[in-house]
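The values are calculated or read from the model by the stated rules, or taken from the named source; none is laboratory data. The structure displayed is predicted, hence computed values, not measured ones. No Cβ is skipped: glycine too gets one built from the backbone with ideal geometry, and neighbour counts run over all protein chains shown. Accessible surface is based on the protein model in full, side chains and every heavy atom, while ligands, DNA and RNA are left aside. Shrake-Rupley method; radii C 1.70, N 1.55, O 1.52, S 1.80 Å.
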Amino acid sequence: MKTTLRYFAIFAVMLWSMTSCSSDENTKPSAILLKKMTAVSFGTHAEYTFSYKGTKLTKVAYKVDNQTNGNGYMKYFYTGDFITEIKAYNNSNQNTTKTVFSYNTSNRLIQVVKVDYTRDYGFKSVYQYNADGSVVMTGYSGDVTTQNTLSDITEKYYFQNGEIVTKELYGTTLQSTLIFTYDSAHHPLKNVTGAKAIRIYDFITDGLFGMEHNLMTQNYIDTNGNIENTMTMEGSYNQDNYPTTIYSVDALDTTSYTFQYNK
């Protein structure tokens, strides 16, 4: 399924790390933290390993089978308790991408700029918070220095009980709508410092997880109001109500995720 096929390439976007040393690797915080995630989709296997300093994620190493530049790692940088920069490196330790996060005085995410040095490409996401609680994301593309070309699509998000329940995509008019439901379990990165503040960006680039919980269904609705595509996930959970597996139950989809925690 098109929606799930993208997860390998973009899940790394939501994983935060910053430069660590050997003592960081031995830190044992009391909070429950994700240590390893494996993903399988249509026979392709991916593995992500997480390291922390306290509850700040210090490094995520990844290995994705049968994919160009499938091996690498990410370093994330904090300012106080907020994630402000991500740098991704390939297996040759070359910095391939950088993502910079900016916040307003209310500690809300207002801009994300991601640049890809390998393609001289950059994309800027700008967030507007409306009085009705919705959030609009407007995108601008360009090179690694400036991003001024307005995207053809604007995205609008509606919330209920802290979760994104509806996503609308606009061109000159409404193009499509996505409707989401979630489980009641914890997000695997619930206790990671700074994670919640950038989850609106994670959701835009991914969608596997919500703001607080884990995605169970996604319905794609066309401009005529017809359901064009449905994705359904199920999960298994540990005694602390964190997912240990999330998997697709659609007949044509073989996507599954497995999660391991520090305790």
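With R₀ set to 25 Å, the beta-carbon distance separating residue 150 from residue 212 gives a calculated FRET efficiency near 0.20. The simple spin-label model puts a point 7 Å past each Cα toward its Cβ; for residue 119 and residue 222 those points are separated by 2.8 nm.
Note on segment 53-198: Kirkwood radius taken over Cα pairs, Stokes-Einstein applied at 25 °C and 0.890 mPa s, translational D equal to 142 µm² s⁻¹. Seen from all directions on average, the chain presents a Cα convex hull projection of 14.7 nm². Distances between placed amide hydrogens fall under 5 Å for residue 238 paired with 244, all partners being 5 or more residues away or on another chain.
Using a probe of 1.4 angstrom and keeping all protein chains present, the accessible surface of the chain works out to 48 square angstrom per residue. Spatially close Lys pairs in segment 91-226, defined by Cα atoms under 23 Å apart and a spacing of eight or more places or different chains, total 14.
Taking a ≥ b ≥ c as the square roots of the Cα gyration tensor eigenvalues, with a/c under 1.5 meaning rounded and otherwise prolate when a/b beats b/c, else oblate, which class fits segment 176-215? Judged from the Cα gyration tensor, segment 176-215 comes out oblate (a/c at least 1.5, b/c at or above a/b).
Quick one: grab the alpha carbon gyration tensor of segment 191-245, order the square roots of its eigenvalues as a ≥ b ≥ c, and give me rounded if a/c is under 1.5, else prolate or oblate depending on whether a/b is larger than b/c. In terms of gyration-tensor shape, oblate.
Which of the three applies to segment 126-194, rounded, prolate or oblate, going by the alpha-carbon gyration tensor with a ≥ b ≥ c and a/c under 1.5 meaning rounded? Oblate, since a/c reaches 1.5 and b/c is not below a/b.
The stretch between residue 130 and residue 65 holds 19.2 nm of extra length on full extension. This uses 0.36 nm per residue minus the Cα-Cα distance. Here segment 69-176 exposes an accessible surface that is 44 percent carbon and sulfur, computed with a 1.4 Å probe and the other protein chains kept in place. Taking every DSSP helix (H) stretch of at least 4 residues in the chain, weighting each as -39,500 (n - 2.57) and dividing the sum by the residue count yields a mean residue ellipticity at 222 nm of -1500 deg cm²/dmol. Local charge for residue 166 was computed over the other residues whose Cβ lies under 15 Å away, with Lys and Arg +1 and Asp and Glu -1, and equals -3. Measuring r between the beta carbons of residue 172 and residue 232 and using R0 = 41 Å, the FRET efficiency lands at 0.80.
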